[in-house]
Amino acid sequence: MQKKIFISYRRNDTQYQVDELYATLIKHVRKSCVFKDVESIGVGQDFEKAIDEAVGRCTVCLVAIGPNWLSEENKARLFSGNDYVRREIEAALRREEVTVIPVLFDSVMPAADQLPETIRDLHYRNAYEITRKYKEEDIKSLMKQLGIARRGGFMAHRMSGKSWLARTLTVAMWFFILMIVLAFLVPFIARVREEKSYLSYADVSAQDTAWHWHNLMDSLDGVPKIEAAVNYDRYDAICLYWNWQYAEFDYTKNTYADSAFRRLEYWKDNPWFTDLDAAVEWPSRNALYFFKGNEYVEWNTVTDQMVEGYPKSIAANWFGVWEDGISSAFYYAANKSIYFIKGNEYLIYNTETLKVEPGYPRKIEYDWPGMWTEWITAAVTIRNTSKVVFFRGYHSLTYDMETKTMVDSSLISDLNQFKLL
């Protein structure tokens, strides 16, 4: 299903910029999927109803903000009850299913106290900047983050005017290419699966908390990988998760907790918590975030409970992060940021500005020499250090983010290796 985009703007502020943005968008999605110019509502129409219906048909609302958006004249209009820009933003903010994105054209985000109370929430939405100098690159990046240039909309638009024969040949060409790719990919995947080893639990008690790794999957507890890892300050522990189970490494004792091997009984009735993709802490919020597919949940570390109203979509609240899912994540205290990893790329999400840092995502190989460049299944920072432990299958690798060097890489036979860090 194509995304439908609503553009809210003022003609005396960003007319030219929005015209360029609109022209670029309709090259990649159907023209009917991009809405603007609500200002042209016909005489006698119900103003509020017309705006609400237009916004209601969209999944994304782009609020264009230029240098004159808060000029003396426009600010007066914004604070009037009948201003169409204000009505558009109000209608978008009322709808949970609509992602509202302020788009700054050589401008800055208005302060909360500069906005009417009914649209003050706009100040807290992650904004996207389009500068005059890097206009083309910024618009391309925006489309990539919205996902509209990677989906069916582009191909549907390009093929709509072609003849039946041309469309058939195009489909045949792509099918042929797909077969070639699969011919190389299938043997590779099979080889990776053969090389994977599985974790099995041998014996855990108050006296013996050792963990062992075997080449054969245990019939009950064996799993192919650590799914997620996170620092849980409530228990002074690193928690490793897989298939409703987890292990705790106790910081205070520098060893695994007596009950290191546990089943998450209070999660067992919730299938959402199987096959997790990633987990990460956010210390200033007293929260853990668990990711699966295109959704995530928030876990309050004070109440030790999941926050109500979840799961939610990644796209709704993590603007700039891959909305169709991630493979691992970790919190790095030195820059108060969360690092998200997907495939062979990573990006940095600043927890203070609530934005992905400019220039990301980037290739792992460019910035982390010696690190794995793909297939990373989990990651966690060793608290109060610059070291991050990465997991891949039954391997772990410890990497120093400050010196950009590998600290340790080994086939784990005992997870008590953390004592060495």
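The values are calculated or read from the model by the stated rules, or taken from the named source; none is laboratory data. Treat the numbers as computed from the prediction; the structure is a model and nothing was measured. Don't worry about glycine lacking a Cβ; one is built from the backbone with ideal geometry, like all the others, and counts go over all protein chains shown.
Kindly establish whether D19 is in a helix (DSSP H, G or I), surrounded by fewer than 18 Cβ atoms within 10 Å (Cβ to Cβ) and not β-branched (V, I, T).
Spelling it out, D19 is indeed in a helix (DSSP H, G or I), surrounded by fewer than 18 Cβ atoms within 10 Å (Cβ to Cβ) and not β-branched (V, I, T).
Kindly indicate whether I41 is modelled with pLDDT under 80 and among the β-branched types (V, I, T).
Here the answer is yes, as I41 does meet what is asked.
Looking at segment 328-346, which of its residues are in a loop (DSSP other than H, G, I, E, B) and not polar (S, T, N, Q)?
If the condition is that a residue be in a loop (DSSP other than H, G, I, E, B) and not polar (S, T, N, Q), then K336, G343 are the ones that fit.
With the requirement that a residue be surrounded by fewer than 20 Cβ atoms within 10 Å (Cβ to Cβ) and either in contact with a helix residue (DSSP H, G or I) (Cβ under 6 Å, 6 or more places away or on another chain) or not small (G, A, S) (or both), what does segment 61-77 give you?
Selection gives P67, N68, L70, E72, E73, N74, K75, R77.
G325 - would you say it is in a loop (DSSP other than H, G, I, E, B), touching a helix residue (DSSP H, G or I) at 6+ places or on another chain (Cβ under 7 Å) and either surrounded by fewer than 20 Cβ atoms within 10 Å (Cβ to Cβ) or not assigned by TED's automatic domain parsing to the domain that holds V98 (or both)?
For G325, the condition - in a loop (DSSP other than H, G, I, E, B), touching a helix residue (DSSP H, G or I) at 6+ places or on another chain (Cβ under 7 Å) and either surrounded by fewer than 20 Cβ atoms within 10 Å (Cβ to Cβ) or not assigned by TED's automatic domain parsing to the domain that holds V98 (or both) - is not met.
Among the residues of segment 300-313, is any closer than 21 Å to T385 by Cβ and part of a helix (DSSP H, G or I)?
No, segment 300-313 has no match at all.
Is it true that E96 is farther than 23 Å from P361 by Cβ, under 21 Å from the mean Cα position of the chain (by Cα) and modelled with pLDDT of 80 or more?
When the stated conditions are applied, E96 passes them.
Filter segment 89-125 down to residues that are in a helix (DSSP H, G or I) and small (G, A, S) and give me whichever is nearest to T351 (Cα to Cα).
Per the criteria, the residue is A112.
Out of (1) under 19 Å from L354 (Cβ atoms); (2) surrounded by 19 or more Cβ atoms within 10 Å (Cβ to Cβ), what's the single condition that is false for E88?
If we test E88 against (1) under 19 Å from L354 (Cβ atoms); (2) surrounded by 19 or more Cβ atoms within 10 Å (Cβ to Cβ), just (1) comes out false.
So for segment 376-384 (the condition being closer than 26 Å to T274 by Cβ and in a loop (DSSP other than H, G, I, E, B)), does at least one residue qualify?
yes
Could you give me the residue pairs with C-beta distances under 8 Å whose first residue belongs to segment 54-65 and is of a type in the set (D, E, K, R), whose second residue is assigned to a strand (DSSP E or B) wherever it lies, and which are 6+ apart or on separate chains?
Hits for this filter: R57/F6; R57/F35.
Quick test for you: out of I177, I148, pick the one residue that is at pLDDT below 80 and of a type in the set (V, I, T).
When all the criteria are applied, what remains is I148.
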